[in-house]
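**Q** The structure's right below; bear with me while I get my questions together.
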Amino acid sequence: MAFETLTIPADGQPITGAGGRLAVPDRPIIPFILGDGIGVDVTPAMRAVLDAAVAKAYGGGRSIAWVEVLAGDRAQAARGEWLPAETLEAFAHFRVGIKGPLSTPVGGGIRSLNVAIRQTLDLYANVRPVYYIPGLPSPVKTPEAMDIVLFREATEDVYAGIEWKAGTPEARKVIDFLKREMGVTALDDQDADVTGVGIKPIGERKTKRLVRKAIDYALARGRKSVTLVHKGNIMKFTEGAFRDWGYQVAAAEYGDRTVTEADVWDKHGGQAPAGRVVMMDRIADNMLQQILLRTGDYDVLALPNLNGDYLSDAAAAQVGGLGIAHGGNIGDDVAVFEAVHGTAPKYAGQDKVNPTALILSGVMMLEHLGWDEAAARVRAGVAAAIADGVVTYDLARQRADAREVRCSAFAAAVIERM
Ligand code: NAP
């Protein structure tokens with residue numbers, strides 16, 4: 001495939017394969033988006049750490065052929081568009097990539113570049129591991145109990161963007177339709193011109209493929225449970241259906257490798273049979289309490305889009321916050337890794353912020369490639385730097401014994417310790 005404007009290293013090779021079975025060459029071409037705001041700080045730090053880890057782990061036998069692809073402000077400046085088609089084509093063609101944060105263009109006709117990337121490439125599982133690294137400041141008493149992995153559905157729910165602004169003819173038309181043709185009585189006539197309307201689609205196919213990914217992960221990593229987090233007591237045909245379809249896919253496709261929480265008690269005396277992943281569900285509001293009060297009871301979680309957004313930030317706050325929170329957007333064939341945080345514009349270009357979130361997103365990317373030795377080196381380097389108290393401002397302000405360093409110096413400290 002020819003890319004007109006990309007500079008692709010001549011000795012790099014594309015990753016091939018599909019359906020979760022990647023064929024990764026020794027020098028894979030990895031497209032990356034530098035990102036807006038603090039992207040200029042954290043993305044080079046992440047690249048330096050990953051390059052060093054790969055070099056150390058494989059003695060020069062493997063390396064990454066990085067290719068910058070444009071999005072956000074840099075794309076607007078160079079190409080007059082926020083998200084060039086070539087950027088999406090590069091991610092699709094090269095299979096695995098990573099991105100810095102992107103600001104949401106104001107009045108650009110695009111709701112969110114991040115949502116657009118996830119939806120266009122069908123990166124339906126937003127995967128966010130949340131766990132404690134000793135030395136991280138925490139507002140809770142036992143932060144070490146946290147070790148969860150969220151699988152957040154990323155293409156539907158209220159994020160599908162099906163909504164109409166109050167007072168527009170479209171909103172009025174939808175309200176009229178709901179009242180006149182669907183018999184909806186909850187909308188008052190007097191409010192019809194001052195009410196915005198949104199639609200929340202949640203479908204069987206998209207729920208099942210997400211829950212499948214969560215169960216596959218739990219089985220592959222020896223995790224003990226998958227919890228379906230929903231608000232099905234209120235939104236029965238969307239969130240409630242998410243729960244039902246989740247249990248259905250577990251029973252139909254993983255019947256001999258999973259067991260429901262109810263059966264653990266009813267048939268197995270409260271003890272899950274060895275090797276089986278326990279399927280359970282919790283109502284979303286309760287889950288926000290559970291994650292604080294019974295943190296260690298939870299392991300892998302599968303959630304609709306909005307619940308996943310709320311719960312992952314709340315959980316991340318217990319173990320270091322946005323400077324640490326990392327993730328990946330994973331589809332059947334393509335994956336793009338990214339930190340949870342945004343562009344933090346007030347710190348842009350100051351070499352100040354914490355690059356750990358993007359570095360750990362890079363670790364997930366290395367593991368996705370099957371380069372576990374390099375991933376382990378990065379994890380060890382990050383853990384050692386934090387344990388030594390060498391941290392950026394966000395963690396330093398919460399730790400009396402810390403030595404505050406800049407973004408690039410933290411990356412260097414990780415490299416020294418890997
Ligand atoms: P934000 O950029 O995540 O920043 C909020 C605050 O979080 C910062 O002021 C800072 O807190 C802290 N923070 C974020 N990243 C950090 C890091 N690497 N190290 C240390 N602290 C960090 O959220 P926002 O201000 O709401 O959003 C700004 C823009 O980013 C918006 O345009 C939004 O749309 C976009 N955004 C993009 C993504 C993405 O690309 N995936 C995600 C979220 C938001 P203190 O001020 O307390 O130091």
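The values are calculated or read from the model by the stated rules, or taken from the named source; none is laboratory data. Values in this document were obtained by computation on a predicted structure and should not be read as measured data. Every residue, glycine among them, receives a Cβ derived from its backbone with ideal geometry; neighbour counts consider all protein chains shown. These area figures cover heavy atoms from the full protein model, side chains too; ligands, DNA and RNA do not enter into them. Shrake-Rupley method; radii C 1.70, N 1.55, O 1.52, S 1.80 Å.
**Q** Show the residues, 5+ positions off or on another chain, whose built amide H is closer than 5 Å to the amide H of Trp66.
**A** Under 5 Å from the amide H of Trp66 lie the amide H atoms of Ile30, each far enough along the sequence or on another chain.
**Q** Rounded to the nearest 20 Debye, what is the dipole magnitude of the chain about its Cα centre when Lys and Arg each give +1 and Asp and Glu each give -1 at the C-beta? All intermediate terms of the calculation are to be shown ahead of the outcome.
**A** Working: 46 positive and 52 negative charges, 124 e Å.
Dipole of the chain, to the nearest 20 debye: 600 debye.
**Q** Oh, and also: Roughly how large, in nm² to one decimal, is the mean projection of the convex hull of the alpha-carbon atoms in the chain? Could you put the intermediate results ahead of the total?
**A** Working: hull surface 92.5 nm².
Over all viewing directions, the chain projects a mean Cα-hull area of 23.1 nm².
**Q** Sticking with this one: For the chain, set up a GNM with springs between Cα atoms under 10 Å and report which of Gly320, Gly97, Gly196 has the largest fluctuation.
**A** Taking springs between Cα atoms under 10 Å, the residue moving most is Gly196.
**Q** Here is a follow-up. Please figure out what share of the DSSP beta bridges in the chain is antiparallel and state it in percent, rounded to the nearest 5.
**A** Percent antiparallel among DSSP bridges in the chain is about 40.
**Q** So, one more: In the range 155-226, which GluC sites (Glu not before Pro) are in a loop and have at most 16 other Cβ atoms within 10 Å, using DSSP for the loop call?
**A** Details: sites: Glu156, Glu163, Glu170, Glu181, Glu204; in loops: Glu156, Glu181.
Loop-located and lightly packed - Glu181.
**Q** Let me ask something else. Averaged over all directions, how much area does the convex hull of the C-alpha atoms of the range 228-372 cover when projected, in nm²?
**A** Values: hull surface 46.5 nm².
Averaging across all directions leaves 11.6 nm² for the Cα convex hull.
**Q** Using R₀ = 56 Å, calculate the FRET efficiency as 1/(1 + (r/R₀)^6) where r is the Cβ-Cβ separation of Leu187 and Glu144; round to 0.05. Don't skip to the end; give the middle numbers.
**A** Working: r = 49 Å, r/R0 = 0.87.
The formula returns an efficiency of 0.70 here.
**Q** Ignoring any ligand, DNA or RNA, what whole percent of the accessible area of the chain comes from carbon and sulfur when the probe is 1.4 angstrom?
**A** Its accessible area is 51 percent carbon and sulfur atoms.
**Q** Which of the trypsin sites (Lys or Arg not before Pro) found in the range 248-338 are in a DSSP loop and have at most 15 neighbouring Cβ atoms, other than their own, within 10 Å?
**A** Values: sites: Arg257, Lys267, Arg276, Arg282, Arg294; in loops: Arg257, Arg276, Arg294.
Sites meeting the loop and neighbour criteria: Arg257, Arg294.
**Q** Now for a separate question. Helix by helix, which DSSP H runs in the chain go 27 Å or more along their axis at the Cα atoms and have an average Kyte-Doolittle hydropathy of 0.0 or more?
**A** 39-58
**Q** Return, for the Cα atoms of the range 186-242, the radius of gyration and Dmax in Å, separated by a comma.
**A** That works out to 17.2, 56 Å for Rg and Dmax.
**Q** Accessible area per residue for the chain in Å², computed with a 1.4 Å probe and the full protein assembly in place, what is it? Could you put the intermediate results ahead of the total?
**A** Working: 18200 Å² over 418 residues.
Value returned for the chain: 44 Å² of accessible area per residue.
**Q** Ok, one more. Compute the Cα gyration tensor for the range 1-155, then decide on rounded, prolate or oblate, letting a ≥ b ≥ c be the square roots of its eigenvalues: rounded whenever a/c is under 1.5, prolate when a/b is larger than b/c in the other cases, and oblate in all that remain.
**A** It is oblate, given that a/c is not under 1.5 and a/b is not larger than b/c.
**Q** Which of the trypsin sites (Lys or Arg not before Pro) found in the range 68-146 are loop residues per DSSP with 11 or fewer other Cβ atoms within 10 Å of their Cβ? Walk me through the numbers on the way to the answer.
**A** On the way: sites: Arg74, Arg79, Arg95, Lys99, Arg111, Arg118, Lys141; in loops: Arg95, Arg111, Lys141.
Passing sites in the range 68-146 are Lys141.
**Q** Can you tell me the FRET efficiency between Glu261 and Gln398 if r is taken as the Cβ-Cβ distance and R0 is 22 Å, rounded to the nearest 0.05?
**A** That pair, Glu261 with Gln398, gives E of 0.05.
**Q** Go through the range 70-83 residue by residue and turn each phi into a ³J(HN,Hα) via Karplus (6.51, -1.76, 1.60, θ = phi - 60°); whole Hz please, and just put x for glycine and proline.
**A** 8, 7, x, 4, 5, 6, 5, 5, 8, 10, x, 8, 7, 9
**Q** Additional query: Compare the Cα positions of Gly342, Ala85, Gly327 along the charge dipole of the chain (+1 at Cβ of Lys, Arg; -1 at Cβ of Asp, Glu; about the Cα centre) and return the one farthest towards the positive end.
**A** Checked the options; the winner is Gly327.
**Q** Under the rule a/c < 1.5 gives rounded, and otherwise a/b versus b/c splits prolate from oblate, where does the range 63-194 land using the Cα gyration tensor?
**A** Working: a/c = 2.52, a/b = 1.38, b/c = 1.82.
Oblate is the answer for the range 63-194, as a/c is 1.5 or above yet b/c matches or exceeds a/b.
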